[in-house]
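Rule-based calculations on the coordinates, nothing more; no lab input. All of these numbers come straight from a predicted model, not from anything done at the bench. Reconstructed Cβ throughout: ideal geometry from the backbone, glycine too, with neighbour counts over all protein chains shown.
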Amino acid sequence: MSTVQIMWQRGRVTAVDAVADSIAKITIVTDTPVRPEPGSHVDVRLPSGDVRSYSVVSGGADGGSITLGVHLSPTSRGGSTYMHSLRPGDELDITAPLQNFPLRVGAPSYVLLAGGIGITAVSAMGAVLRRMGSDYRFVYVGRTRSAMAFLPELEELHGDCLEIHIDDEGTGLDVTTLVEHVDTRTELYMCGPIRLMDAVRRAWSDHTLPTPNLRYETFGNSGWFDAEEFVVAVPGLGLTTTVGTGESMLDALERAGVDMMFDCRKGECGLCQVGIASVDGQVDHRDVFFSEAQKTDSTKMCACVSRVAHRPSDPGARSAPGVITLDTP
Ligand code: FES
């Protein structure tokens, strides 16, 4: 059950523009203007009643409008499909900007690191650092140039402070090199795929950099394996159900009538964690709550984002879904 009290308001879409492959820039005006701080996000209520979070890319000077960047996920559970269906004039239920990824003003230097759609969470931070004349590097990573939103605007605003790495142009990011050049007083803010953030966290730890100086935002939607259907069993409840590719294990257990604890639904708070009794397949830990050691032990997982993938030692069995058996949640 969520413990967060959130104020909802009506919003009206004023513009929808394609800004990269499968990424739409959506501008929304709201009833009660609130100027967004860098790193903030809004929650949007879908027609199904479910809630999704989207980073605020920018806000109007008077706080009356906000701009979101939304990637249409091939495994959308309804959120990005709904957002991409919006057209100017449409109305929606939306919160005022919420903050759980604040930029700390006053650090001697900064690194901003964005991977893919993670750019939406850090681009406003870059604008603020630019305006303040801060010492910063803005590192933007993507698979292809056409999949990277807001590139022209970022190049114009940040000039030499912007560093672009594009996999299919042979300029992919070397995380070790990036972290090697970070000193102990630098703060690094990142948002991107879990693999990228895991690599940075490992390098950060290897270089014994101060843990509080590494800050990140995740929407817990990418893993080591593509999302596959799998079976979850809870013998203590006499329950077995299938988790589809477009839903989370938390969704599936709730649908089956299990009273689950949760809060963020983004793999951050750990409230939805469940105990693993056994697994036929491989747990794809997609959260940022558990440590590397805990993920290796794999005795628990975050039901809101983590999944089960086929057995890698038996690729021929890929059509057989993984099966996970849980201790009673
Ligand atoms: S609900 Fe927060 S980690 Fe799953």
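Key figures
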| item | result |
| --- | --- |
| Fraction of beta bridges assigned by DSSP in the chain that are antiparallel (%, nearest 5) | 65 percent |
| Rounded to the nearest 20 debye, dipole of the chain from Cβ charges on Lys, Arg, Asp, Glu | 400 debye |
| Nearest-20 debye value, the stretch 109-217 charge dipole, Cβ charges on Lys, Arg, Asp, Glu | 340 debye |
| Debye log10 I(q)/I(0) for the stretch 227-325, one point scatterer per Cα, at q = 0.14 Å⁻¹ | -0.47 |
| Dipole-positive endmost among 267, 325, 236 within the stretch 230-326 (Cβ charges, Cα centre) | 325 |
| Extreme residue, positive dipole direction of the chain, given options 64, 103, 129 (C-beta unit charges) | 64 |
| Highest-MSF residue in the chain out of 132, 83, 197 [GNM, Cα springs under 10 Å] | 132 |
| Nearest-ten-degree value, helix 194-206 long axis tilted from longest Cα axis of the chain | 80 degrees |
| Helix 119-132 vs. the chain, principal-axis angle (Cα, 0 to 90°, nearest 10) | 30 degrees |
| Inter-site label distance for residue 177 and residue 15 at 7 Å from Cα along Cβ, in nm | 3.7 nm |
| Globularity index of the stretch 1-138, i.e. its alpha-carbon radius of gyration over 2.2 N^0.38 Å | 1.05 |
| Among 172, 49, 115, residue whose mean-square fluctuation peaks in a GNM of the chain (springs only between Cα atoms under 10 Å) | 49 |
| Kirkwood Rh in Å, taken over all unlike Cα pairs in the stretch 109-217 | 13.9 Å |
| Among 17, 287, 251, residue whose mean-square fluctuation peaks in a GNM of the chain (springs only between Cα atoms under 10 Å) | 17 |
| Contour minus Cα-Cα distance for residue 278 and residue 224 (0.36 nm per residue) | 17.5 nm |
| Cα centroid separation - the stretch 90-114 against the stretch 143-217, whole Å | 17 Å |
| Low-density loop positions, trypsin sites (Lys or Arg not before Pro), the stretch 102-142 - DSSP coil, at most 16 other Cβ in 10 Å | 104 |
